[in-house]
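Engineer: I'd like to ask you about the structure that follows.
Read-outs: derived from the displayed coordinates by stated rules, not from any lab. On a predicted model such as this, the values are computed, not experimentally measured, just so you know. Cβ atoms come from the backbone with ideal geometry, glycine included; neighbour counts cover every protein chain shown.
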Amino acid sequence: MEKILFETEDGDKQEFFVEEETRVGGVDYLLVTDSDGEEANAYIMKDLSEDGEAEARYVMVEDDVEYDAVARIFEQMMDDVSFE
C-alpha cells in the first residue's frame, strides 16, 4: 500500500495510506486512511498542483457538496467503504 506524507499549514507532518485514487472534472482525488487497520479514519484529498510541478500539493476536501460527490464515487469503486 502506497504512503504519502502530508504537511499541514502548521508544518506538522502526517503519514497517510493511499487506498484509492480517481479523477473527476480534471481534478485528482485520493482516498486516504490514517492507519492500515480496520479502525482507520478515511479522508478525501484533492490535488491542487499545476501541470509541470515536481510535487503534488494535496489538501483535504472541506466543501460538503464536493466531499459528498467524490465520496459516492469512491464508495462505488470500493464495496467495503462507507462514508458518514
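Engineer: Can you compute the charge dipole magnitude of the chain about its Cα centre, using +1 on each Lys and Arg Cβ and -1 on each Asp and Glu Cβ, nothing else charged? Give it in debye, rounded to the nearest 20.
Structural biologist: It works out to roughly 220 debye.
Engineer: Ranked from highest to lowest mean number of other Cβ atoms within 10 Å per residue, what is the order of the peptides 19-30, 3-14?
Structural biologist: Averaged packing, sorted descending, gives the order 19-30, 3-14.
Engineer: Can you put 45, 78 in order of Cβ neighbours within 10 angstrom, beginning with the fewest?
Structural biologist: Ordered by Cβ neighbours within 10 Å, fewest first: 78, 45.
Engineer: Calculate for the chain the 222 nm mean residue ellipticity that helices alone would give, adding -39,500 (n - 2.57) per DSSP H run of length 4 or more and normalising by residue count, nearest 500 deg cm²/dmol.
Structural biologist: -5500 deg cm²/dmol
Engineer: Oh, and also: How large is the direction-averaged shadow of the alpha-carbon convex hull of the range 3-77, in nm²?
Structural biologist: 5.6 nm²
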